[in-house]
Structure formats: C-alpha cells, structure tokens
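Below: one structure, written as structure tokens.
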Amino acid sequence: MPAVAVKPNPAPAEIAGPAPSPSKIVRLPRPRRASVGLMEAIGSILGNVIPPLLLILLVSFIWQSLCSDPTSLFPSPATIWTESRELIVNPFFDRGGVDRGLFWHVTTSLSRVAVGFTAAAFVGVFLGVWVGASKWAQRAFDPIFQVLRTVPPLAWLPISLAMFREAQPSALFVIFITAIWPVIINTAVGIRNLPQDYLNVGRVLRLSPPEMFFRIMAPAATPYIFTGLRIGIGMSWLAIVASEMLLGGVGIGFFIWDQYNASRISDIIVALIWVGLVGYALDRFVALLGHFASRGSAQS
Amino acid sequence: MSSYLSIEKIGVAFQKKGVTSEVLRNVSLSIDRGEYVSIIGHSGCGKSTLLNVVGGLLEPVAGAVILDRKGVSGPGPERAIVFQNHSLLPWLTCYENVKLAVDKVFGSTKSAAERRDWVMHNLQLVQMAHAAAKKPSEISGGMKQRIGIARALAMEPKVLLLDEPFGALDALTRASLQDVVADIHARIGATVMMITHDVDEAILLSDRIVMMTNGPAAGIGEILSVDLPRPRNRLAMADDQRYNQYRHLVLEFLHAGRAARAA
C-alpha cells in the first residue's frame with residue numbers, strides 16, 4: 001500500500017512535449033503514516049490469526065464434549081494431552097528404535113523426500129525441457145507420461161520392492177516416481193508456452209543456443225517449473241507417509257502404523273498434526289524458492 | 001543513387017495444410033539513409049509480414065533485402081525491431097532489458113562502464129531513466145513501449161523497424177510517444193521503417209508513406225512523399241492545407257481499397 005504513495009508521478013514523463021528537455025520526476029509528498037502503518041500491520045496480523053484460532057477453539061470444544069465419555073473409542077483433546085504429553089512437549093527424545101521424538105521420525109522421512117525429490121526435480125526439468133522443445137519427443141513421450149502419472153504412488157511400491165529388495169531405495173524410488181510427473185509436465189508446458197516475442201528478441205540479438213536457453217527460455221519457464229515442483233513436493237510427502245507404513249523401520253509413516261498396532265490413537269493424532277504442518281512448510285518452502293528464482297513473477 | 005535499405009521483389013507465401021496462400025507479391029522499395037518511411041494498409045494486408053522479412057524473422061520465398069550494400073539473412077541487431085506489444089522480458093528490470101541488448105551487441109567493443117553509461121543514455125533518450133530499476137509489470141503501457149524503443153536504439157541499428165509501436169496505446173500516450181520518436185529521429189538521424197494503420201501518425205512522422213494494396217498477394221499501391229517542414233507540430237498541422245491534402249489522399253486510397261475488397 002505505501003508503495004503507491006511514493007511512486008514517482010508518471011504523468012510528467014507521459015505527456016512531455018516535443019522539447020528534448022528531460023522530464024522532471026515529481027514525487028508525491030509522502031503522507032505521514034509510519035504510526036498508522038504499524039497499527040495497520042498489527043491489525044492485519046490479528047485479522048488473519050484470530051479467525052482460525054477461534055475456529056480451532058470451537059472445534060476442540062465440540063470435540064471435547066463429544067468424546068469426553070470414558071467409553072469413547074476416539075480420544076478427546078484432554079485425553080490426547082494426558083496420554084501423549086511427552087510426544088507433544090518433547091519432540092527430541094531418543095530411546096532407540098521406534099521410541100523416539102517425532103522430530104527424529106519427521107527428519108528421517110524428510111531426508112528421504114529430499115533425496116527422491118531432488119532427483120525427480122533434476123530429471124524432471126531436464127526431460128520436461130526436452131519434451132517441451134521437441135515436437136517429436138512430445139509426441140513420443142506425452143501419452144506415456146499421461147498414463148503413468150495417474151498410477152497411485154503406492155502402486156509403485158511392490159515393483160520397487162521387487163527391484164531393490166530393501167526399504168530405503170524402494171522408498172526413494174516411490175518418491176522419485178511420484179514427484180517426477182508434475183515436474184515434467186509443467187516444465188514442458190512452460191517451454192511450449194514460451195511467447196514467440198521473447199524468442200524473437202533473442203533472435204534479433206543473435207543469442208547463441210546456450211544464451212537463448214539461459215537468458216530467455218529458462219527464466220520464462222521458471223514460474224511453470226516451480227508450479228510443477230510445488231505439486232511434486234506435495235505428492236512426495238503424501239507418498240512417503242503411505243509407503244513408510246508398508247515398508248516399516250523408521251520414519252513418520254511407520255511411526256503412525258506402529259502406534260496403530262499399539263492402539264495408541266492419541267499418538268497418531270499428534271503425528272498427523274506434525275505431518276500436516278511439515279507438508280505445509282514444504283509447500284511454502286518451494287513456493288518461496290520459486291518466488292526468488294523467478295524474481296517475483298511466480299506466485300508464492 | 002543507390003539506396004541504403006533496398007527491398008527487392010519480395011514475395012512471401014505461407015503453406016498451411018497443403019494450401020499455399022500468397023501474402024506478398026513483388027514488393028520493391030528503396031529507403032534512403034535517415035529517411036522515415038511508414039507503411040500503411042488495411043489489417044491483414046501483409047505490412048507486418050514485410051517488416052518481419054526486413055527484420056529477418058521471416059524468410060521470403062522470392063526476392064532479397066539489401067541493407068548498406070549487404071544482403072540480409074536472418075535477424076540481427078543492425079535491424080532492431082520495436083514490437084507492437086513491447087516484448088520486454090518480465091523477469092528483468094527496465095535497465096536489465098536494455099542491458100541485455102547492449103551486452104550482446106557491444107560486449108567486445110565497449111568496457112563495462114561504457115556499456116552501463118550507454119544503457120542509461122538510451123533510457124534518458126526516451127525519458128525513462130527514472131524507471132531503470134523497475135520491472136516492466138510496474139510501469140504503464142506507454143512506458144513499456146518507451147523501454148522497447150530504448151532497447152532497440154541501444155543496439156545502434158542501421159535501420160529501426162517499428163511494428164505498429166503505438167497501436168496498443170491510448171490516444172494521449174500515443175501522441176507523446178510519437179513526439180519521442182520524432183525527436184529521436186531528428187536528433188540521431190535514424191533510418192526508420194514503421195508499420196501503422198493510423199493516417200495522422202503516418203503523416204506526422206514520415207518522409208514518405210507507402211500504401212499497400214489489399215491481400216492476397218498484396219503489393220505497394222502508391223507512395224506519397226510528405227513534404228512538410230520539420231519539426232512538425234501536431235496542433236499547427238491540423239490547420240495546414242497540405243497536411244489535410246495528404247490526409248485526404250491517404251484516406252481516399254484506403255477507402256478505395258476497402259470498396260474494391262467489398263465488391
């Protein structure tokens with residue numbers, strides 16, 4: 001909002017007469033709004049924070065009143081607090097095996113996502129550029145991509161286990177194969193939708209093919225690429241939790257499954273909240289990366 | 001006298017689904033150094049096609065373009081184009097948009113400081129130095145087109161190609177940009193070829209107006225020499241006898257063309 005107030009008035013430059021004198025930049029007087037700005041900022045934060053807080057309180061209250069009966073199969077918020085207190089307040093304890101704080105489980109899962117997703121990002125962008133730029137590559141690959149991308153992540157798991165025979169590489173493969181399709185498809189769309197005008201600018205300047213790619217094509221496709229990456233990281237987080245349940249060993253997915261077997265529903269609910277928050281953080285992280293990489297033109 | 005830019009017997013045809021459509025046939029035109037030539041015609045008559053051939057973005061099926069005694073093939077910075085929709089790269093600031101062109105054209109002949117000064121000099125020419133650090137999305141349509149002109153000028157082109165540069169602008173902004181272009185043309189003596197469909201704009205700016213016949217297989221109908229003293233003032237012009245005469249001539253040609261097409 002304040003940016004509007006200090007914007008140089010464009011009028012003098014626009015209606016400058018034929019005289020070659022350089023036009024003057026007239027600055028609008030800066031209104032005194034420093035104190036108002038602070039109040040506005042606090043107001044907007046409160047306005048964004050209070051409604052969800054109120055809703056959470058309300059839902060907790062209803063939840064508590066519905067599940068407070070001791071015979072209830074589903075724990076109430078108060079029960080969760082008493083049963084899973086250590087899990088909530090101390091995410092960092094480590095007594096070996098599965099008996100560790102949620103931080104460690106999430107870290108394990110995140111490291112798997114990091115490896116699988118990074119591989120998917122690199123291979124996906126590379127393939128996407130190829131498929132977007134070459135008409136023949138598009139014709140050859142596109143139908144295959146369109147079919148493969150609809151295969152649910154968990155359907156890849158048995159094949160992947162048969163191939164690798166171990167939990168770790170299988171999990172990485174499932175992440176990779178889940179995240180790669182949106183990356184490929186969005187990158188290809190970005191390259192294909194490249195405005196001809198931008199290419200013409202490059203042609204008039206006689207940019208070499210590498211210059212054309214790095215100065216024109218890659219920046220123009222960056223918002224599309226990051227859209228693909230955002231969808232991809234969301235899907236890998238979905239896939240890792242599900243595949244860890246089946247693979248066992250470590251990770252947040254396995255933790256949830258393990259607590260289910262031990263009938264500790266309270267712990268599962270705490271873990272679910274963690275999964276949601278981490279997924280949200282991942283999405284914001286990639287969106288923010290995209291915002292910086294595209295220098296503000298990708299939505300964050 | 002051999003002309004500076006010579007368009008010789010250009011023919012352009014497009015093939016689509018096995019059907020060949022001829023857009024331009026046997027178009028020849030000579031433009032002198034420092035001359036300002038406008039090409040006017042109905043939309044779809046192939047005037048932009050002609051400009052793209054000169055710009056090298058389009059290969060003609062017949063004929064050739066000769067600039068400064070050298071045959072033209074492919075696009076190049078000595079024939080800088082100002083595109084109708086400005087075509088600024090949105091991820092670069094105004095300064096960087098011009099800098100990209102300057103670095104590419106003068107990367108080996110000018111030092112970094114000289115290139116920086118040259119960018120700012122060209123931004124000043126279009127009165128946009130104050131917006132150097134802004135993104136194209138932060139400035140108005142008229143300002144974007146100014147930056148587009150600065151980018152083209154910064155290449156120090158032998159000929160400046162303007163493809164309906166003011167077509168997308170409102171009347172007031174358009175007038176101020178016309179003044180900018182007229183001023184630059186007077187100051188640096190640029191050779192200019194401009195596509196337009198605005199009669200007043202053509203008369204105000206041009207030394208000669210090339211009127212194109214309607215397609216298919218369009219060609220040059222008439223060429224009108226505009227013999228008005230420069231600098232031309234748009235207000236004084238409105239009462240000028242010759243100005244109105246020119247206006248009448250061009251409108252007559254355009255309307256006769258439309259009547260012929262409708263018949």
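The values are calculated or read from the model by the stated rules, or taken from the named source; none is laboratory data. Please read all numbers here as calculations on a predicted model, not as lab measurements. When we count neighbours, we look across all protein chains shown, and the Cβ atoms used for this are built from the backbone with ideal geometry, even at glycine. Each accessible area value is taken on the protein alone, full model and side chains, heavy atoms only, with ligands, DNA and RNA left out. Shrake-Rupley method; radii C 1.70, N 1.55, O 1.52, S 1.80 Å.
Mind ranking B:17-27, A:125-135 by how tightly packed they are, going by the mean number of other C-beta atoms within 10 angstrom, highest first?
In descending order of packing, they fall as A:125-135, B:17-27.
Mean separation of Cα pairs under 8 Å and 6 or more residues apart, divided by the residue count, gives region B:100-157 a relative contact order of 43 percent. Of the residues A:SER236, A:ALA221, A:ASN261, the one whose Cα sits farthest towards the positive end of the charge dipole of region A:209-300 is A:ALA221 (charges of +1 on Lys and Arg Cβ, -1 on Asp and Glu Cβ, taken about the Cα centre).
Charging the Cβ of each Asp and Glu at -1 and of each Lys and Arg at +1, and nothing else, the dipole of region A:172-275 about its Cα centre rounds to 460 debye. Would you please classify the overall shape of chain A from the alpha carbon gyration tensor, given that a ≥ b ≥ c denote the square roots of the eigenvalues, rounded means a/c under 1.5, and beyond that prolate means a/b larger than b/c while oblate covers the rest? Because a/c hits 1.5 or more and a/b fails to exceed b/c, chain A counts as oblate. Putting +1 on Lys and Arg Cβ atoms and -1 on Asp and Glu Cβ atoms, find which of B:GLN15, B:PRO157, B:GLN241 reaches farthest to the positive end of the dipole of chain B. Sorting the options by dipole projection puts first B:GLN15.
In square nanometres, what is one fourth of the surface area of the convex hull spanned by the alpha carbons of region A:232-300? Don't skip to the answer; put the middle values down first.
On the way: hull surface 19.6 nm².
Quarter of the Cα hull surface area: 4.9 nm².
Sorting A:TRP136, A:TRP81, A:TRP237 by accessible area (1.4 Å probe), largest first, what list results? Working shown, then result.
Numbers: A:TRP136 185, A:TRP81 110, A:TRP237 15 Å².
I get A:TRP136, A:TRP81, A:TRP237, largest accessible area first.
Here the Karplus relation 6.51 cos²θ - 1.76 cosθ + 1.60, evaluated at θ = phi - 60°, turns the backbone of region B:38-43 into coupling constants of 9, 10, 10, x, 5, 5 Hz, with x for every Gly and Pro. Peptide B:81-92 has a mean of 5 when you count, residue by residue, the C-beta atoms of other protein chains within 10 Å of its C-beta.
Proximity of backbone amide H atoms, modeled 1.01 Å from N, is registered between B:VAL23 and B:VAL12, B:ALA13, B:PHE14, B:ALA217 at under 5 Å, excluding neighbours fewer than 5 places apart on the same chain.
Provide the percentage of antiparallel DSSP beta bridges, counting only those with both residues in region B:146-263; round to the nearest 5.
50 percent
A simple rule links phi to the HN-Hα coupling: the Karplus curve 6.51 cos²θ - 1.76 cosθ + 1.60 with θ = phi - 60°, which for region A:234-239 gives x, 5, 5, 5, 4, 5 Hz, with x for Gly and Pro.
For region B:141-263, with only Lys/Arg (+1) and Asp/Glu (-1) charged at the beta-carbon, what is the dipole magnitude about the Cα centre, in debye rounded to 20?
Details: 14 positive and 15 negative charges, 43 e Å.
Dipole magnitude for region B:141-263 comes out near 200 debye.
Estimated at the nearest 10 Å², the accessible area of B:ASP117 is 100 Å² with a 1.4 Å probe.
Please work out the average accessible area per residue across region B:59-212, using the 1.4 Å probe convention, and give it in Å².
On the way: 5310 Å² over 154 residues.
Result: 34 Å² of accessible area for each residue.
Could you rank A:ARG100, B:ARG151, B:ARG247 by how accessible they are, 1.4 Å probe, largest area first?
Working: A:ARG100 55, B:ARG151 10, B:ARG247 80 Å².
Accessible-area ranking of A:ARG100, B:ARG151, B:ARG247, largest first: B:ARG247, A:ARG100, B:ARG151.
Tell me the carbon and sulfur percent of the accessible area for chain B, rounded to whole percent, probe radius 1.4 Å. C and S fraction of accessible area: 52 percent. The HN-Hα couplings worked out from phi for region B:61-71 by the Karplus form 6.51 cos²θ - 1.76 cosθ + 1.60 (θ = phi - 60°) are 7, 9, x, 8, 10, 10, 10, 6, 6, 10, x Hz, whole numbers, x standing for Gly and Pro.
Beyond 27 Å in Cα-Cα separation lie the following of the pairs B:LYS99/B:LYS158; B:LYS47/B:LYS110; B:LYS9/B:LYS70: B:LYS47/B:LYS110.
Proximity of backbone amide H atoms, modeled 1.01 Å from N, is registered between B:MET194 and B:VAL37, B:SER38, B:ILE39, B:LEU162 at under 5 Å, excluding neighbours fewer than 5 places apart on the same chain. List the lysines whose alpha-carbon lies under 25 Å from that of A:LYS135, not counting same-chain residues fewer than 8 positions away? Cα-Cα hits under 25 Å: B:LYS16, B:LYS17.
Projecting label points 7 angstrom from Cα along Cα→Cβ for B:GLN15 and A:LEU46 puts them 7.3 nm apart.
Starting from the exponent 0.38 and prefactor 2.2 Å, build the expected Rg for region A:175-221 from its residue count and divide its actual Cα Rg by it.
Rounded to two decimals, the normalised Rg is 1.38.
Heavy-atom accessible area for A:ARG85, with the other protein chains in place and a 1.4 Å probe, reaches approximately 130 Å². Normalised by the number of residues in region B:29-176, the average gap of Cα pairs under 8 Å and 6 or more apart makes the relative contact order 30 percent. Taking only Cα atoms and a 10 Å spring cutoff, compute GNM fluctuations for chain A and point out the largest among A:ALA239, A:ALA137, A:ALA221. Greatest mean-square fluctuation among the candidates belongs to A:ALA137. Note on chain A: helix-only mean residue ellipticity at 222 nm, from DSSP H runs of 4+ residues weighted -39500 (n - 2.57) and normalised by residue number, equals -24000 deg cm²/dmol. Considering only B:GLY55, B:ASN26, B:SER3, and ranking their Cα positions along the charge dipole of region B:1-78 that arises from unit charges at the beta-carbon of Lys, Arg, Asp and Glu, the one farthest toward the positive end is B:ASN26. Amide H to amide H distances under 5 Å link B:ALA80 with B:LYS158, B:VAL159, B:LEU161, where only residues 5 or more positions off or on other chains count and H is placed in the peptide plane. Dipole size of the protein assembly as shown about its Cα centre, with +1 on Lys/Arg Cβ and -1 on Asp/Glu Cβ: approximately 760 debye, rounded to the nearest 20.
Between the C-alpha center of region B:33-66 and that of region A:225-273 there is a gap of 62 Å.
Counting only DSSP beta bridges with both residues in the protein assembly as shown, what percent are antiparallel, rounded to the nearest 5? Could the numbers behind the result be given before it?
Details: 23 of 42 bridges.
Beta bridges within the protein assembly as shown, antiparallel portion: roughly 55 percent.
Pairs of Cα atoms under 8 Å, at least six residues apart: use those to get the relative contact order of chain A, whole percent.
Working: 329 pairs, mean separation 53.7, N = 300.
Contact order relative to length: 18 percent.
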